[in-house]
Structures are given as C-alpha cells and as structure tokens.
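What follows is a single structure, written as structure tokens, with notes after it.
Coordinate-derived values only; no laboratory data. Owing to the predicted nature of the structure, the values given are computational and were not obtained by experimental measurement. Note that we place each Cβ from the backbone using ideal geometry, even for glycine, and neighbour counts take in every protein chain shown.
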Number of protein chains: 2
Amino acid sequence: MLLYYFEMTLSEEDYIKAIYHLSQIDSKSVATNAIAEQMKTKPSSVTDMVKKLSEKSLVKYKKYQGVSLSEKGRLVALSIIRKHRLWEVFLVDKLNFSWDEVHEVAEQLEHIKSDALIDKLDAHLGFPKVDPHGDPIPNKEGFFTKSVKKLISELPVLSEGVCVGVNDSSVTFLKFLDKNNIALGDTFKILDREEFDGSVTILTRVGAIRISEQIASNLFLEIVDEE
Amino acid sequence: MLLYYFEMTLSEEDYIKAIYHLSQIDSKSVATNAIAEQMKTKPSSVTDMVKKLSEKSLVKYKKYQGVSLSEKGRLVALSIIRKHRLWEVFLVDKLNFSWDEVHEVAEQLEHIKSDALIDKLDAHLGFPKVDPHGDPIPNKEGFFTKSVKKLISELPVLSEGVCVGVNDSSVTFLKFLDKNNIALGDTFKILDREEFDGSVTILTRVGAIRISEQIASNLFLEIVDEE
DNA sequence: ACAATTTTTTAGCTTTGTCTAAATTTATTT
DNA sequence: AAATAAATTTAGACAAAGCTAAAAAATTGT
C-alpha cells in the first residue's frame, strides 16, 4: 500500500483511523464532538489535531464545518486497518487467541512500521481476505471487497457462510451457542425461514436446527462469495 | 516475568535497556555520556531521564557518580530483552527474514504490552532458548543461561555448535562463506587447530574444510550445551 | 426572527522528552 | 597542589498532545 513517506505519530494514526470509522457510519463529514467521544478526549484537543492533519493534507477541514479524509488520508487509514486485521488473524490463527481477545493487542501492533513485515505476515497467513470478525482486509493498494459480513436475519434462504461474530456477547447468549454446538468458524447454510415469527432453520455440523429471530439477528455470517 | 504494575513510556524502556547493555560491557556504574551516545541524545537529556527513573526506583543514581540498574530495573530490562529476542526468532523462523534484517523491527515489537501475547508467542515458537544471533532469551522470571555464543577462534578443539553470526558482515566475507557452503544455522565441529598460524579445520555439511585464523575470529558458534 | 442551546474554536497552561548554553564537579596532568 | 580538561548538572526554551475556561459560530425552538 501507499508507503507514506512522511512520519506519522501514533496519535495522528489513531485520529485518522477514528475519522475513517466515523465517516463509514455517517458518510458525510465528521463532527469534532464525535471524534472527541471516539478518541476519549476533549473537543478542543480534536480541533488542534485536525488542524495539524489538515496541514499535512490528510484531512479536509473548514472551521465549524466538520472534517473528512482526503484521498491520502483514506489510504493511510486503510493501511492501518490492513495491519490491524492481519495482526488479528495472526493472533487467532497462529497464537490461539480467541476472536474476542485480540482487539487491544492489535491496536498496538497496527502501529509497527515496516512494509516488509506486513508483506511477509500476509504471506505467512496465506493472504487472508477477512479478519476473525469477518471484516475484510484491504490489500496493499487499499482495495477490499465490501463488507461480506451479515446477520443471519438479513440473509436470504439458501445463503451459506462462516459464522464470524456475535452482536450480543452476554454470557447467556454465548452459553446458548455452546449448548447448540454453534462456534465461531463453523459453516452454516440457511435452509428455511418462517414468515410467521422470523425463526430460521440452519444446517450446522450436527444437523439442522431452528433458531429464533432474536438469535438470528445476533449472529454474523461471512458470506462465501466468489469474487 | 515481573509484570511491572507501573506504566512505562517507550522512552523509559529504551533508557533501561541501554543502561542494561552498557553495564554488561563495563559491569560497574554507567556514565551519563555513554548513555547519551548509545541513545543518540545529549548528556543533559540523560540526566533528566535518569532522575525520573531514579524516582521510580528503576535505577540507583547519585549526582556525578553514574547510574546502575536496581533489581527492579534489571527485571524490566530483561523483560524487554526477552520480548525483543522472541520477536527476532519469530521474524526469522516464521516470516523468513534473514537474521541480519530483524533488529529494527524487533526494536518496535519489543514495546508491545501484553503478557498473554508473549506467553503465546513463546509457546508458538517452541520455547526457544536463543535468538537468531545466538543470544540467550531470558525466561519469564528473568533467568537465562549465560552467553553460549563464542568465536570459533576462542573455542577448544572438538567443540560443536551452530553457526549463529558473523562479526564482519562485509560483502566479501559473506561471499566467502557462500562459496564454502557455510550458512547461518549450520552445525560445525572443530576438528583441529594449527598452533603455527591459528587456522582451524572444521567439519561442515560438505565435509572438513580449513579456515584461516582471520575467518575463525569472525564466525560465532552457539555451543550445543546440555543444561 | 431571535433567544436559547449546542457545537466548535481560541487562549493559555501542563507534561514529556528533548535541546542549548552556562555553571559546577570530577579527573588529569604537570 | 594548582591548573587545565573533561564530564555532568542546572536553567531556561521548545514542540507535541493534552486540558480548562471563555468566546464565537451554528443550530434549534417557539
């Protein structure tokens, strides 16, 4: 990816990433307050940093008008996200972390600066396309397939995919999954959906089971999607 | 290892490591100027930092008298060195970096904070005892076998070990090694040494070869040493 | 439309880690 | 043992990234 030839501080990288994520949600320009909340800092600090990023042409910024990433800034964000997600794959696939333990460590690892490292890590992991949560991994040039992660409740009958995450990570819900032999990494096929109550029949390792609409709207599948 | 319950900045960690390495060379207390040179900073900056480290009881410091690590500081240093060397093993064994490319990246990775990460990395790598340069890796408690890395010229006849490094990394020397089928990772046995000129006969993969004293004093072996 | 509220920015201060220049202590040398 | 040199510390400044409090702009409600 972009090989940005200018130095970026840890803090600058974090802001760029925050702005990227917020503009994914809201598409238009991002508010100072929103960034402050995301970064757990004060709006006045955000203003300062945003000015700095603007001078480096990483963001487009006009006073009182919010902020959005420039193309350069977008590529920086994607390079950080690429690193974050590759490290998450490493932590889960190679070091046997569970998918919900990896975020914090990946937040640190994503700032390591070495293009050779990321290239070799990518190869070592077999050029994965998604991270352990089913989120797509941008390639070196910043391209990635749009989110292929959907809730079971949003998918048509006969869809097939790998279970990559939950919305609700309460103990009771996780226990339910365990009891029904549903685990991250399993492949499911949606066999049928009842109009009546939205309940869904899915094919799992251990056969077909029926799950309620409530369960279906808490389980993410990464769709097996030819490119 | 020590799980130090206080926050340490990146800079503090670098100073602790520098002081550790300098006191290995000189054993007694370390001079402000020496630290400044190692850290590529100014003596006055060192004085400031050393005061800070002293307040955290990581070093013993008296004005104008140099500085040495406290036991607490020594354990911090060893924990950083442990991380550095484990990452180096990872980079070489898993990502196929060559042994002389890894230092810079490991300098970054050594600052990642997560005990679970290091434990799992250690296990993933098969609990290695030495890094790719033959330097010993401290265990969690900060214990490690004393340096097992010696120059061929310093070893007695019949010693056996794995070639782990060179002193002189000039192109001509590396080419010589290549031509004689000597590579990092190879096991050698010292068969004979000539009193006359210090030349040494060693057993390699491809048979016995004679190397000059000059070559012998540029090749490090990690001794195969039962514990 | 204009007053009240919310959002954003400015101004000035703090901490961390650095620097330069000057002062002080220690070491060396005759 | 005094003089010179070298090493070390102090004092004062600076840039980064944050904060608080106050001012300014934008938005909202009636």
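Shape analysis of the stretch A:96-138 places it in the oblate category; the axes a ≥ b ≥ c from the Cα gyration tensor give an a/c of at least 1.5, with a/b not above b/c. Going from the fewest other Cβ atoms within 10 Å to the most, the residues B:Phe143, A:Phe97 appear in the order B:Phe143, A:Phe97. In this entry, chain B is assigned a mean projected area of 14.2 nm², taken as a quarter of its C-alpha convex hull surface.
For the protein assembly as shown, the fraction of C-alpha pairs farther apart than 42 angstrom is 33 percent. Remark: A:Lys175, A:Lys72 ranked as A:Lys175, A:Lys72, counting other beta-carbon atoms within 10 Å and listing the fewest first. Peptide A:112-119 has a mean shielding of 4, counted as Cβ atoms of other protein chains within 10 Å of each residue's Cβ. Helical content of the protein assembly as shown, expressed as a calculated mean residue ellipticity at 222 nm, amounts to -11500 deg cm²/dmol (DSSP H runs of 4 or more residues, -39,500 (n - 2.57) each, divided by residue number, nearest 500).
Under the convention that each Lys and Arg Cβ holds +1 and each Asp and Glu Cβ holds -1, the size of the dipole of the protein assembly as shown around its Cα centre is about 1420 debye.
When B:Lys189 is represented by a point 7 angstrom out along its Cα-to-C-beta vector, the spacings to that point in the other copies are 6.1 nm, nearest first. The alpha carbon centroids of the stretch A:41-64 and the stretch A:106-132 are separated by 29 Å.
A Cβ-based charge dipole, computed about the Cα centre of chain B with Lys and Arg at +1 and Asp and Glu at -1, lands at about 800 debye. Averaging 1/r across all pairs of distinct Cα atoms in the stretch B:1-124 and inverting the result yields a Kirkwood radius of 15.2 Å. Treating the Cα atoms of the stretch B:149-223 as identical point scatterers in vacuum, please give the log10 of the normalised Debye intensity I(q)/I(0) at q = 0.16, 0.28 Å⁻¹, two decimals. Per q value, in the given order, log10 I(q)/I(0) is -0.47, -1.60. Inter-copy label distances at B:Ser45, shortest first and taken from points set 7 Å along Cα to Cβ: 2.4 nm. Cross-link pairs exceeding 22 Å in C-alpha to C-alpha distance, out of A:Lys51/A:Lys72; A:Lys113/B:Lys52; B:Lys60/B:Lys120, comprise A:Lys113/B:Lys52; B:Lys60/B:Lys120.
Listed by Cβ neighbour count within 10 Å, with the fewest neighbours leading, A:Glu110, B:Glu160 appear as B:Glu160, A:Glu110.
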